[in-house]
Amino acid sequence: MTVSRQWQFWIDRGGTFTDVVARPPDGRLLVSKLLSENPEQYEDAAVEGVRRCLGLAPGQALPEGLVEAVKMGTTVATNALLERAGEPVLLAITKGFADALRIGSQARPDLFARRILLPDMLYAAVAEVEERLDAEGRVLVPLDLAAARASFAAAFAAGLRAVAIVLLHGWRHPAHEQALARLAAEIGFSQISVSHQVSPLMKLVPRGDTTVVDAYTSPVLRRYVDRVARHLGGGTRLLFMQSNGGLTEAAAFQGRDALLSGPAGGVVGAARTAAQAGLGKIIGFDMGGTSTDVCHYDGAYERVFDSQVAGVRVQTPMMHIHTVAAGGGSILHYDGQRFRVGPDSAGANPGPACYRRGGPLTVTDCNVMLGKIQPAFFPALFGPDGAQPLDAEAVRDGFAALAAGIGDGRGPEAVAEGFLAIAVDNMAQAIRRISVQRGYDLADYALNCFGGAGGQHACLVADALGMDLVFLHPLAGVLSAYGMGLAEQRVLRQRALERPLDDAGLEQALDVADALTAQGRDELFRQGVPVFACGAEARLYLRRQGSDSALAVDLADRRTVEAAFAEAHRRQFGFGPGAEALVMAAVEVEVIGAAPDAAPPF
């Protein structure tokens, strides 16, 4: 391991806790954990974590040249979606399609519901643009820039500063989108998201949704990134974890790439630490304060491209992570008939009842009640009254009152056990969904358990799933932050093809892959990664003619590609692809910087 003469910080800013792993110049690793929200003590938990490790006094500026790099994941973009606190957006879309995103895919989340409640749209206003291209790029209706200028100017005068530009067939023929982007810049819009750059794939609705999400969350994210950079000062590299599992420079970090920023670091940490331990097949089990994230890993990162985050459809590469609202801070409910855990969380403020802030009973309090968390060995809480241990008496009183209200003769301990069993079942069901339901035998896997609350439940979850091996890394409690330090810088580029798989088409796919690779290498070079240190992986997305489900295979010669698709189809669907012709949906290239040295745990 190469020891730097400067500090490095690897940070995961979660919903409840912010985890900090620091590597000082001597190569040791220091660990700290702070409440993500603690306005009585500090403005931002990530910056405070850096300051405390460096021993800086409140208000003291960060010495120039002391910190080499800060690598972090953040929930800022996700929170903006959850709380609907993003930037008001103008949607510019081809005339006649103003309601396309509102109509959506017409999927019914509740099949038997008679009253369908549509989610609120993220955009605040719509500008219908007089223009129309056909699928071949022929101009059917010329672009009316004068009318577009009037619509954009009116929205700008109304206070809108973010615009999402989504035109029909813009993914393939971007000339009109580019002209509108230049117009928006002239008028003064500070956030301009253009669909052929944000999500260059066919289908208007998912492409449009993703572009709106990018315009809605990027300004909020940019303000947070700039604030952190301002506190760190010049000379410190600031990198952020993307949803696809790769780091990127702060200047290139966009809203669409930030929705699974923190959990993606956990996947990287789980995969890399498992490999160090000689484990090839793992189920990642990350239980934090707000939720539990689970993932499947068998030698390669699994990604999805069509997701829902906070009720919003997003079409962008993300780690395949399944999340359930069962964290240490998940609130316990009894409605007079049944126990329920979550989905609401006590968060960092007020936190669980044992945190001395008047919070509700949570999963963490169950473990205090049952003796699985010993207040004497738990880090002290830092509040307005100074350092204090967990409040076990408040927990006992809370469960005693709850048991008396239930009135079926069960004592406080039995009530806590009941709630804990429900939480464990919720987590086990989440793991079955990403493993057993997809044809993987859990007997072949290790449960890589991490997160602040993971160790309290690892054996119970493994027993529920019939798993024999649980792996706990020495830094399991902060593994998502540790994963930031183990991750590579990555650039992932896609381009739609939508043409039959034949020799000429495959030649085109190879040319596209070469062009995307060159773009990715240039992007990483601008971020400070030498060209010789970059590797590249190219994948082809194939589907059967008439099918809507594309599967990824490594880009190779035609015979190899067809055989790989047949195998992937049998594994995914349980039967072969049949005799239908194959269609190349898209090419994807991932350019990867050299992996950093895996720092020892201590």
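Bear in mind that the values in this text are calculations on the coordinates, not laboratory data. Keep in mind the model is a prediction, meaning the values are calculated, not measured. Glycine also receives a Cβ, built like all others from the backbone with ideal geometry; neighbour counts cover every protein chain displayed.
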Region 308-380 and region 137-165: distance between their alpha carbon centers, rounded to Å: 45
Karplus 3J(HN,Hα) series, Hz, for region 355-371 with 6.51 cos²θ - 1.76 cosθ + 1.60 (x for Gly, Pro): 8, 6, 10, x, x, x, 5, 9, 4, 4, 5, 4, 6, 5, 4, 8, x
Overall form of region 189-269 per C-alpha gyration tensor (a/c, 1.5; a/b vs b/c): oblate
Cα gyration tensor shape for region 1-61, rounded if a/c is under 1.5, else prolate or oblate: oblate
Neighbourhood net charge (13 Å Cβ-Cβ; Lys/Arg +1, Asp/Glu -1) for Val363: -2
Neighbourhood charge, 10 Å Cβ-Cβ cut-off, centred on Gly576 and excluding it, Lys, Arg +1 and Asp, Glu -1: 0
Which of Ile321, Phe450, Gly358, positive extreme of dipole for the chain (C-beta unit charges): Gly358
Using alpha carbons only: equivalent-ellipsoid semi-axes of region 261-414, gyration tensor based, whole Å: 34, 19, 16
Directionally averaged shadow of the chain, computed from the convex hull of its alpha-carbon atoms, nm²: 29.9
Value at 222 nm in deg cm²/dmol, rounded to 500, when DSSP H runs of n ≥ 4 in the chain each add -39,500 (n - 2.57): -10500 deg cm²/dmol
Dimensions (Å) - region 1-120, Cα atoms, principal axes, largest first: 62, 33, 31
Percent of Cα pairs exceeding the 18 Å cut-off, where the set is region 487-602: 55
Part-to-part distance (alpha-carbon centres) for region 180-241 and region 513-550, which is given in Å: 21
Distance between region 72-128 and region 23-39 - C-alpha centres, whole angstrom: 37
Residues whose placed amide H lies under 5 Å from that of Gln6, excluding near-sequence neighbours: none
